[in-house]
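To keep things clear, I will list the structure first and then write my remarks on it.
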Amino acid sequence: MPWDPTQYHKFTAERFAPFDDLFALITVREGLRVIDLGCGTGELTRRLADRLPYATVLGIDSSPAMLERARGEERPGLSFSLGAIEGIAGEGDLIFSHAALHWVGDHRALVPRLMGLVRPGGQLAVQIPANHHHPAHTAITDIAREKPFVDALGGWVRLSPVLEIDDYAGLLFAAGGEGITVLEKVYPALMSETADVAEWTRGTTLVPYFERLPAELHELFMVRYRERLRAIWPKGPVFYTFRRILFVATKAGR
């Protein structure tokens with residue numbers, strides 16, 4: 001099950017809201033070279049480019065389906081390329097990532113490496129979903145450990161690599177970061193029923209599970225998942241809280 005841009009965009013407003021908070025932490029200068037890691041379908045990369053005067057912006061994503069949609073956003077100074085965050089090379093004045101790094105492992109190695117891509121005086125700006133302790137997310141790993149899914153998955157479950165906020169602050173400082181800001185914010189969403197929460201996670205958290213599970217088990221997994229969600233929220237509306245980490249640091253040396 002590859003990434004589905006249409007499924008992902010069912011909750012556009014809720015998924016895009018943290019972008020503005022992250023952008024508010026950026027120092028805007030003319031002529032920045034920007035690399036957007038995990039650009040997805042490109043709408044926010046375009047918004048980023050539009051807000052940075054005379055910038056050259058490159059969006060990187062590992063999903064061909066997402067990039068196919070993103071190419072419709074291209075214009076002079078804004079381009080997109082297929083690539084994995086783990087293998088990114090080059091330098092930028094702004095290394096930016098919105099809701100992507102939680103798919104990459106070993107953040108204790110990743111954050112210093114990303115700081116190494118930032119030119120002196122430039123910034124690393126990141127927003128990371130950190131909702132892995134929420135019952136709507138832990139229910140997924142619990143179901144994956146049940147039959148028949150545990151057998152089909154070979155015991156595999158996805159454990160989040162996301163660290164605590166003080167860990168990120170320390171990593172940024174050790175990597176030569178200055179003007180460090182690290183914060184945690186809850187973004188609430190009011191949904192009419194638990195089926196909406198199931199649709200939300202189907203477009204993100206459930207993707208790697210459905211990539212590994214045979215197609216005939218997908219709907220059975222969703223049936224059990226909807227049952228768990230109804231146990232958490234017996235009736236609507238559903239007040240769904242989503243925790244995210246945002247951090248920004250400037251590379252010393254300029």
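Any read-out appearing in this document is the output of simple, stated calculations on the displayed coordinates, not a laboratory observation. Keep in mind that what you see is a predicted model, and the values were worked out from it rather than measured. Note that each Cβ is placed from the backbone with ideal geometry, even for glycine, and that neighbours are counted across all protein chains shown.
Values as computed for the structure displayed
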quantity	calculated
Cα centre as origin, Lys/Arg/Asp/Glu Cβ charges: the chain dipole, Debye	160 debye
Overall form of the range 99-219 per C-alpha gyration tensor (a/c, 1.5; a/b vs b/c)	prolate
Euclidean distance between Cα centres, the range 164-216 to the range 27-44, Å	20 Å
Nearest 10 degrees, 0 to 90: helix 218-232 Cα axis against the chain principal axis	90 degrees
Ranking of Thr205, Thr141 by count of other Cβ atoms within 10 Å, fewest first	Thr141, Thr205
Linear extension gain, Phe239 paired with Leu183, 0.36 nm per residue minus alpha-carbon span	18.0 nm
Measure of compaction for the chain (Cα Rg per 2.2 N^0.38 Å)	1.04
Angle between the chain longest axis and helix 12-23 axis [Cα atoms, degrees, rounded to 10]	30 degrees
Chain lengthening between Leu190 and Val157 when straightened (0.36 nm per residue, less Cα-Cα)	9.0 nm
Value at 222 nm in deg cm²/dmol, rounded to 500, when DSSP H runs of n ≥ 4 in the chain each add -39,500 (n - 2.57)	-10500 deg cm²/dmol
